[in-house]
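What follows is one structure encoded as structure tokens, with my remarks underneath.
The values are calculated or read from the model by the stated rules, or taken from the named source; none is laboratory data. Everything numeric here is computed off the predicted structure, so don't read it as measured data. Here Cβ is always computed from backbone atoms with ideal geometry, including for glycine, and neighbour counts include all displayed protein chains.
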Amino acid sequence: MTNESTYYIPFIPQTYNLDNSTIALNATHPSGGWKQYDTHSLMGHMQTKRTYDVLRSAFTETPLNDTRPFIMSRSTFAGSGQYAQHWIAELRRDFSALRQSIAAVMNFNMFGIPFTGADVCGKYAGSDASQQDETCGRWYQLSTFYPFARVNRDKTMGGTEIEPHKLEGDWAKMANASIYDRYKYARFVYGCLFEASTSGQTCFDPLLFHYPTDNMTYTDIEHTFLVGDSILVAPVVVPLATTTATYEAYFPAGNWTNLDGYKTIEVKNGTTSKMSLTATATTVNKFLRQGRLIPVQMESTNGGQIDSTTASLASHFQLIANRDEQGHAQGKLFIDKGMSVSEITNGSYEHYEFLLTNNTLQRLVVNTDSTRTGSS
């Protein structure tokens, strides 16, 4: 086989060539005469686009015409993010795969598909049966800040059941608490995803994106990450002897406020050591960046925990700020009903920027063109 052959590929991804169990690479498409060799990776993207177009046009005379399509795909390409979301699948229930999922979500944020997540607890059972519940409990914690999160277990090779009520002891507590924690910060993450849809920004970043001159952020990249440019998340990514153990995480220079208890970690410039964190908390360790302000929802209107998007829309917001050296902090809040296309295209949503200066809090209205037109 020569290099000129349409079959020739100088590498084999993972185990099989690209034409394994599918169309031959030298097949010719009737439209345009394109070779499969040149279009193989576009198949999933084009299927997604066609599905989106059909869902937007097929219901012209029905109430569904204005409903936003929700499409998930495992086969995506550059530009797929405007039509569909992506999920990382085929992961095993072990800490290596848990770490791998963090890198994968980071990658797809860079690829322009920020609404990405992994199968929580992995689709397949891990090799160490003694670590299954621990891995799953920690994975639920991590998934608090996945843009997309779901539980998906293979019935044949997925091992024991992994729903929160099927876990035991502390691991079950972690799973349940993390789901409520996800609702607490959901509006903050949702706001970042809205801005990503208009500006192309990312929402799930390695620290090196924001601290490029800090050499330590280029090591152990998957261990700690920033969500929405504001929340540093430091999940447990290795098995620990007990739930009372501690572990280390790196923090760039600045003051970081623990969002569970509001104690502050101060890191001076030039410090390269890691901080010791407790692993006993039921929810993932998370810290608010200096100079940032975020919206959260502590409880529903009836005094209970937020447990649905419906409850979220009906409940109040609170703002948490971590002032910088000048006493300033800023952040944004985006509110919509989350269903119609016209709500976005017509700008009939609420989008605010909050500026905290000394003891004054300003609320600026962010228009659809990202300008600020007023304050209160």
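Using the structure shown, decide if Asn65 is under 26 Å from Ser348 (Cα atoms) and free of Cβ contacts under 8 Å to residues at least 60 places away in the same chain.
Yes.
So which residues in segment 348-369 are out of contact with any Asp or Glu (no Cβ under 9 Å at 6 or more places or on another chain), under 17 Å from Tyr190 (Cα atoms) and at pLDDT below 95, if there are any at all?
Thr368
Just for strands (runs of 3 or more DSSP E) wholly inside segment 234-290: which have at least 3 residues that are under 17 Å from Tyr185 (Cα atoms)?
Once the strands (runs of 3 or more DSSP E) in segment 234-290 are filtered for at least 3 residues that are under 17 Å from Tyr185 (Cα atoms), what remains is 285-288.
Is at least one residue of segment 173-180 surrounded by 21 or more Cβ atoms within 10 Å (Cβ to Cβ) and among the small types (Gly, Ala, Ser)?
yes
Which one of these does Ile320 not meet: (1) surrounded by fewer than 17 Cβ atoms within 10 Å (Cβ to Cβ); (2) of a type in the set (Val, Ile, Thr); (3) within 22 Å of the chain's Cα centre (by Cα)?
So Ile320 meets the others, but not (1).
Given the options Tyr211, Tyr190, name the one that is of a type in the set (Phe, Trp, Tyr) and within 24 Å of Thr309 (Cβ to Cβ).
Tyr190
Of all residues in segment 329-360, how many are surrounded by 15 or more Cβ atoms within 10 Å (Cβ to Cβ), within 22 Å of Ile231 (Cα to Cα) and of a type outside the set (Asp, Glu)?
So the count comes out to 12.
Okay, residues lined up against (1) crowded, with 22+ Cβ neighbours inside 10 Å; (2) without any contact (Cβ under 8 Å) to a residue 60 or more places away in the chain; (3) assigned to a helix (DSSP H, G or I):
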position	(1), (2), (3)
Thr144	yes, no, yes
Met157	no, yes, no
Tyr183	no, no, yes
Leu193	no, no, yes
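Looking for something farther than 23 Å from Lys337 by Cβ and among the basic types (Lys, Arg) - is there at least one such residue anywhere in segment 120-129?
Yes - at least one qualifying residue is present in segment 120-129.
Within segment 13-61, how many residues turn out to be more than 34 Å from the chain's Cα centre (by Cα) and at negative phi?
Going through segment 13-61 one residue at a time, the tally reaches 11.
Name the one entry in Tyr185, Tyr180 that is of a type in the set (Ser, Thr, Tyr), within 19 Å of Asn322 (Cβ to Cβ) and within 17 Å of the chain's Cα centre (by Cα).
So the residue among Tyr185, Tyr180 that is of a type in the set (Ser, Thr, Tyr), within 19 Å of Asn322 (Cβ to Cβ) and within 17 Å of the chain's Cα centre (by Cα) is Tyr185.
Taking segment 74-111 as the search range and keeping residues that are out of contact with any Ser or Thr (no Cβ under 7 Å at 6 or more places or on another chain) and of a type in the set (D, E, K, R), which one is surrounded by the fewest Cβ atoms within 10 Å (Cβ to Cβ)?
Going through the qualifying residues, I end up with Arg74.
Any residue in segment 25-50 that is under 24 Å from Ser73 (Cα atoms) sitting within a Cβ distance under 8 Å of a residue that is surrounded by fewer than 12 Cβ atoms within 10 Å (Cβ to Cβ) and of a type in the set (D, E, K, R)? List the pairs, counting only those 6 or more apart or interchain.
Gly44/Arg74
Just to be sure I understand, how many residues within segment 202-227 are in a loop (DSSP other than H, G, I, E, B) and over 11 Å from the mean Cα position of the chain (by Cα)?
11
Given (1) over 26 Å from Tyr262 (Cβ atoms); (2) modelled with pLDDT of 95 or more, identify the lone condition not met by Asp205.
Among (1) over 26 Å from Tyr262 (Cβ atoms); (2) modelled with pLDDT of 95 or more, the lone unmet condition for Asp205 is (1).
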